[in-house]
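The values are calculated or read from the model by the stated rules, or taken from the named source; none is laboratory data. All figures in this text were calculated on a predicted structure; none of them were measured in a lab. For neighbour counting, all protein chains shown are included, and Cβ atoms are generated from backbone atoms with ideal geometry for every residue, glycine included. Quick note on the areas: whole protein, heavy atoms, side chains included, nothing else; ligands and nucleic acids left out. Shrake-Rupley method; radii C 1.70, N 1.55, O 1.52, S 1.80 Å.
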Amino acid sequence: MAGEPKKVITDGQDVRRHPVMEYVRGVGPFLAVVVQFALIVLVVDYWQLESLSLARLMNLAFAGFIIHHLLPLRFRLPFFGLLSILAVVTGVGHLGPNVFAGWLSGRVTTSSTVYHLLPGLTLVAIGLVLIGICHLPIRFWMRIVLVGLVGAILTMLRAQSRLFPDIAEMWVILGSMFMFRLIVYLYDLKHRTAPFSLSRAIAYFFLLPNVCFPLFPVVDYKTFCSTYYNEDWPRIYQSGLRWMVRGVFQLLLYRIVYQFAPLDVYKLSSALDVAGCILGMYLLYLRVSGTFHLIVGLLHMFGFNLPETHHLYLLASSFTDFWRRINIYWKDFVMKLFFYPTHFALRRIGPIRAMSVATIITFLATWVLHSWQWFWIRGRPLLSWKDFAFWMILAGLVLVNAIRETTGVRKRTLSPARITLRRRVIFGLKAGAVFCAMCILWAFWSCQSWAEFQTLLDAASSPTLRDIAIVASVIVVVCICGMLWGQSSRETSEGRGTQASREPFHFWRSASVVTLGALCLLAVPSVATRMDPNIQKSIARLHGDVLNARDLATQRRGYYEELDVARMENWQWHMAEDPEGWRKGDKVFFRDRPDFLLREIVPSVSTVLGNAAITSNHLGMRDREYEQTKQPGTYRIVLLGASNDMGFGVKDDQTYENLTEDRLDQQPPGAGYSRYEILNFSVAGYSILQRVLRLEDAGFQFQPDAAILSVSAVDDQFLASHLRKALIAGVNPPAEYREIVERVVHEAGVNGKMPAVMIERRLQPYATELWQWSFRRFAQQCRQHGVRPLVLYRPAPVDFAGLEPAIRSKTLELARAEGIEIIDLSPAFDSVTDRNTLILGKWDDHTTPLGHRLLADQLYKDLARVLESRPPTASSSSK
């Protein structure tokens, strides 16, 4: 019987044995598979790949795999279907171990447990109804109409999913399981290309890994059935393990690219940076390739000998070859449903014309279906000119290549063509050319706007010889790789044998490689950290799936990052807070100004920002109520900062400014004052220019004794953003600021009519000059008003870019050069092992209440020391 052990695999040779001896000899390979699978589960958990729910799914799959293998073949497929439904019910409902344990112990009621299971149960019920409609004893076209009607109703419910909060998290997975798979199922049902049964249908639609991957490969039903245990189980299992390890490596490589590549278009300073950015954008697709390999590898462990989803697409030798190799399942899906029927229907107009029309229709369908996929995952369709342009450009390139291949003259020979060195060189050059073209096209698709793509081109306009040499060397490496490994015939997901399946299979060799790779992923980080402690921060950035520095600052996402909501744990199923409504209070709390400050806090309002109540006083500060006139015996300080200093995402009594003020009043330093007040003049998004101007515009009116100018490592982006907004709005700076601003604007060659992203990129090199001028202006104005100037360096909760030490050193050096006293809060977070606990969420890097308490403790110590000392004179401080 297929799937039962019939052979013993020994280094590529099949040795036939008696069934008993065969079973005994199969114990060794099975135990080897179990060990490898266990190591992969540990690797996924160790690196926190994708989400915590994936680690739980891997544990469930590991246990299910052992039971599945030990069952007789006829029970395996039904068991897989039941296991998949179990994962859906408990996974979509986010039923954690604590809930389940609480139910068993009686601490959690049955009704509460059912509530947690409700989304999963609803999904299963809807799925079974859809499957049942497909098999109703009525005409086939009537079944299609019914499925379409139910689909339209579900689409309307998905669009209004917020009206059903109890099951809101199940829509993403419902769409992922049925939006494309149902089309394939109906097609194969009509043509009777595969066997049909309830267990097959359940296993096909509720595929086990789908519960953790909303972005899922389009598995063909015919292939799904025909590849089930179509080879000996050691080969199937070992192929799955090898692909899972490959997927893990690709996901980790994706994280390296995402965290360390120069993906911030605003900060590109050379043509080499541009090349790195373009390459990085293209390589971000490794996330899709990695997850697909992990998914299909996991399905192999349950006997589904599915083919590759991607095959060396970076080394494609033509655009047609690229289309064949990348996301092979999707290519086969649209070819099966759109290209072949269209081409067959139009064959009378000629093969070239029929192929041209069929190709355009296929890529139009790809664009529409991607928008449809986006709707089910994100809740809104993706209909943008850039997305449409990408698919039409790719369609044109593929079509040109296809016509050349069709009309080209080929020599027919009975023997295979010999691969000469000349052919390899030509093949490598083609691979390099296609690679460069796809990098540029992918960058165009990944940029958030046409202006951002223009900025890429603008930053690359003046390459140096060094830049050209480095880029050329990378292209040469791609050409060499194309010469060596670019040629391949594996370009379909159909369930027929490939050249790879006919090659000798070396089980123990493959098992050794997989085991060694998994052990390296577990051990190398610890070894590397011991050898070089400085590498610990870099490795820490690869643990867990967090946004990089730029995405946290701007909450921007590329196409696949935004599409795959599973990359954020809080966005995956159980949305305690909705990131889309995270900043809705901005419109209530802030208002625009017609001058260089651009905006301010609205006096006497209350709202919610970052899921925390926020209140402003009658003076337009996020602070307690104060009188403008200072009371006798009071030492008054004004704080000038941005959103973290204002206290975004924490309650009014949790800001480090209020906590420090309370501590000063409770334990006053020996400075001879009975009361201390810290007036918070911070406004979210203020640059250092705005902070200094805010002090001159309003701060000095409150008769402060000291002024604290808060700075951080991310303030450069506020400078460029502030000047960009002022230029576009046509707002002139005050007379005292006009000279420095106009000179920087002139030297940067920017104006208000340029794209915003290009303005900011060109202004970045002038940040140091603007910082220096601002510190000088701050010191001069404070001394003229008899106010003690202080610069406070506030550390970032998490240094995602790894640049804080250098920026801190440079910033504080500029402040000291102007004779300003320094309060350095950098040690405030030293006691925190996991710095991720100091940010509000993976989508927002503002400081948590814990972080504010730690900042307040450090600020109190440093401020008490400063207040007890005499301020330096202007002459002594400049020495």
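At-a-glance table
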item	result
DSSP-defined antiparallel bridges as percent of all bridges, the chain, nearest 5	40 percent
Per-residue SASA entry for residue 317, accessible area with 1.4 Å probe, Å² rounded to 10	20 Å²
Counting DSSP beta bridges with both ends in segment 632-870, the antiparallel % (nearest 5)	10 percent
Positive minus negative residues near residue 272 (Lys, Arg vs Asp, Glu; Cβ under 11 Å)	-1
Neighbourhood net charge (11 Å Cβ-Cβ; Lys/Arg +1, Asp/Glu -1) for residue 647	-3
Ranked by how many other beta carbons lie within 10 Å on average, peptides 621-631, 686-696 from highest	686-696, 621-631
Protein accessible area in the chain, 1.4 Å probe - carbon and sulfur %	60 percent
Selection of trypsin sites (Lys or Arg not before Pro), segment 173-204, meeting DSSP coil and at most 12 other Cβ within 10 Å	192
Förster radius 25 Å - calculated FRET efficiency between residue 662 and residue 629, Cβ distance, rounded to 0.05	0.70
Gain upon complete extension [residue 769, residue 822; 0.36 nm per residue less C-alpha separation]	17.1 nm
Entry for percent of Cα pairs over 49 Å apart (calculated from the structure that is shown) out of (i) 35; (ii) 24; (iii) 31	(iii)
Heavy-atom accessible area ranking, 1.4 Å probe, most first, across 349, 377	349, 377
Extension gain (nm, one decimal) between residue 163 and residue 803, 0.36 nm per residue minus Cα-Cα	226.0 nm
Helix axis angle, 715-729 relative to the chain longest principal axis, alpha carbon, degrees	90 degrees
Mean separation of Cα contacts under 8 Å, 6 or more apart, over the residue count of the chain: relative contact order %	12 percent
Protection-proxy order for peptides 729-736, 290-297, 780-787, each taking the mean of Cβ atoms within 10 Å per residue, highest first	290-297, 780-787, 729-736
Å² of accessible area per residue within the chain, as computed with a 1.4 Å probe and no ligands counted	44 Å²
